[in-house]
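Everything below concerns the one structure shown next.
Laboratory data are not the source of any read-out in this text; all were calculated from the coordinates shown. Since this is a predicted model, take the numbers as computed values, not measurements. Please note: Cβ atoms are built from the backbone with ideal geometry, for glycine as well, and neighbour counts cover all protein chains shown.
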Amino acid sequence: MSVDSVLPARRLPNVVALASALDVIPESVVIFGMDDVILFANKAAEALYGHPVNAAQGRNINDFLAMRHPHGLDEMKRLLLDTGEWSGECFRRSAMGMELKIGLDWTLARDDQGTPSFVVERSRDLTRVDEIAVQFRIASHRYENIFQAMAASFWELDFSGVRRMIGELMQAGISDLASHFHTDDAWIEEALRNTIVLDVNEKTVEMFGAESREAMIGGHVEAAWPKQSRHLFADALLCAIRREPRLSAETVLTRLDGTPFNALFTVCWPPGHEGKGSVLVGVIDISDRKRSEAELIASEARYRELFQAMSMGLLHLDTRRLWQIFNRLKQEGVADLRAHLESYPHLLQEAMEATVVAEVNVAAMALYRAASANDLVGKTVKSLWTPKGMKTFIRALESGYYLLPGFEEETEQLRLDGTTMAVHLSFNPSPALRAQGRLLVGLIDISERVAAEASLSELKKSFAHHTRLALLGEMTASISHEINQPLSAIMTYSAAGRRLLERAVVDTEKLLFIHDNIVADARRAADVITRTRRMATGKDADKVAVQVVTLVEEALRFVDHELKSNSVTIEKIFADEGGRVAVDPVQLQQVIVNLAINAIQEMQKVPHCKRLLQVRTGTKGDGVVIAVEDRGLGIQPENLSRLFETFFTTKTAGLGMGLAICKQIVEAHGGKLIATNTGSGALFETTLPRVP
Ligand code: ADP
């Protein structure tokens, strides 16, 4: 139906009929007069521009839709009047204010006299079309880029030849295609030869070692498919027949020079390709991944071997939950973990329960006396810690919390049978393992060593005791002399007292003097006995702060007799009366007596006139020094380094224990014992920390 025949010159009498006719047209139709006033617009125009028809009618179309044309409206109209129509593109604005690109077709209607009476306009939105075109361009560019630039090899293959072959099989009545594909090698080979390369990307050229794309295009794919992988080609065919969209598998393909490589093969039938009989194939070279996987497996295996073969007990702990606790505490801003654990002791339990044994080696099983790994694996470490070991556990937690590099400590662990063992526990986590929440803990059973150490120290104690007794034996003469002196004095005083009492007039004053002296001498004798008993029993007293002079003086009283009987002159030089030391007096006296007796024994080798024992005390810095110097022959230079070794002696009846024990006692008091030659004899210098 021609618009000319329906519409009258200026008015539109049959508007309703016309509108209902034009409304069904999906294209926008607007009729406007030669004065550009809109006379009619259909539903599609309403939808395109967004203005209701009644709002448009009577408006100047160019103003109403903000018409814009690159060459101007006048030029458009001139052409319309000249030729009766105009077609082209312009810009208009929609009711929403959006600039639209519009494709326009104007047809000029004339009346019977040929006078232009109105214009019928058909228009459509080109904005979207443009957008789609741009998107399409971008997409195809992107595809092109991906196709060319991806690290993957892409092939576009023509499958139509294979399709034909499959069709022939079906016509021949072969219904079980799957078993046919997998059994008839010749058929598959032919199918490979019938699979023609339509296109490949540059990566394919590189990956398969071809000369160029062009050299590959038009060829077939048989060379790329080694015999061992043909079953996958068969699977791909089956996949196509079943209309499955894609198939992906790891396989082995061959380069054109025949070298095989591990490949991830993907074939897909992209939408739109079905009818064309072409498929897209993607190939990724995974030889590197395979190699690193193989290396990983090998290193895992090596790790596992090592893990089991280590003679040290190894616990592999899963600390992921522990790290959740740590992270929570860090978020709460806990900077001092130890203080926090003291305030919230339940956290310690929580931390132990959050640390789970993931793996143990044979040595660890033996350590904990576990019958099987499962006795430990999956359990938390809570049952392995004793209350005594808790300090270590806290320090280990701190080491993790503050990301300290390593940890080692001697501690105690509980075996599964409830007995305890002394262990050396260590770990040295790498940041990577830490991040994974894995911790490898090494354990060495040191129970035997600890027990041996304990018995050694017992042995040393008993040796010390025996040397003390030996020393006392050597000093018996001194002791008896010391006791004899007050006893004979007491006897003398008693006799004198008796004589006084027998007189007619008793001299009370004299008697009281005698009595006081008896008491004083009795006390001296008692003192000697007490000291000797203390030394003999070897009972270690507590440390007390004493004047070093008092200490030395008392000790020297034990050797009084030895000095005299060996004609040794003693010279005491006590420089500083104020020097005080905190010591076990019995032990320290043992040292001084020992040194003095050694000195006296050494001086037996020199003439009487030369025998001088000098004992000096004084302070040096923070220390108090006791020097015992003799005028003997001195220490043989080759013996200087061995002097303090246990059982080292140059004497026929010597024990070789004295100096070793002296050194041990002095060092246990935080001091030092040094032996030197003075040129005129030996000097033994004991330095002890000074106390206020
Ligand atoms: P012992 O007296 O039983 O030999 P010690 O351990 O007391 O054991 O002394 C070890 C050795 O050190 C002595 O045998 C002696 O050779 C040497 N020695 C100790 N004191 C002196 C000293 N004052 N002068 C020279 N040598 C000494």
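With 0.36 nm allotted per residue and the present C-alpha distance subtracted, the LYS227-ALA435 stretch has 70.4 nm of extension available.
Here LYS203 is the anchor, and the aspartates and glutamates within straight C-alpha reach of less than 18 Å, apart from those fewer than 8 places off in the same chain, are GLU144, GLU156, GLU211, GLU214, ASP257, ASP285, ASP288. Using the Cβ-Cβ distance between THR419 and MET312 with R0 = 25 Å, the FRET efficiency computed as 1/(1 + (r/R0)^6) comes to roughly 0.80. Using the Cβ-Cβ distance between ASP176 and ALA373 with R0 set to 51 Å, the FRET efficiency works out to roughly 0.55. For ILE573, ILE102, ILE635, the sequence from fewest to most other C-beta atoms within 10 Å is ILE573, ILE635, ILE102.
Cross-link pairs exceeding 19 Å in C-alpha to C-alpha distance, out of LYS564/LYS610; LYS543/LYS663; LYS391/LYS543; LYS564/LYS605; LYS572/LYS610; LYS605/LYS651, comprise LYS391/LYS543.
Counting only Cα atoms, the size of region 487-645 along its three principal axes is 74, 40, 32 Å, in decreasing order.
In terms of other Cβ atoms within 10 Å, ILE61, ILE626 run from fewest to most in the order ILE61, ILE626. Its alpha carbons give region 597-692 an Rg and a Dmax of 13.9, 44 Å.
Of interest is the spacing of the C-alpha centroids, which for region 411-430 and region 175-209 amounts to 63 Å. Between MET390 and GLU85, the modelled labels are 10.0 nm apart [label points 7 Å from Cα along Cα→Cβ].
Among VAL505, VAL591, VAL628, VAL334, a tally of other beta-carbon atoms within 10 Å of each Cβ gives an order, fewest to most, of VAL505, VAL334, VAL628, VAL591. Note on LEU511/ALA470: beta-carbon distance plugged into 1/(1 + (r/R0)^6) with R0 of 41 Å gives a FRET efficiency of 0.35. In this Cβ point-charge picture (+1 for Lys and Arg, -1 for Asp and Glu), region 637-692 has a dipole of about 100 debye about its Cα centre.
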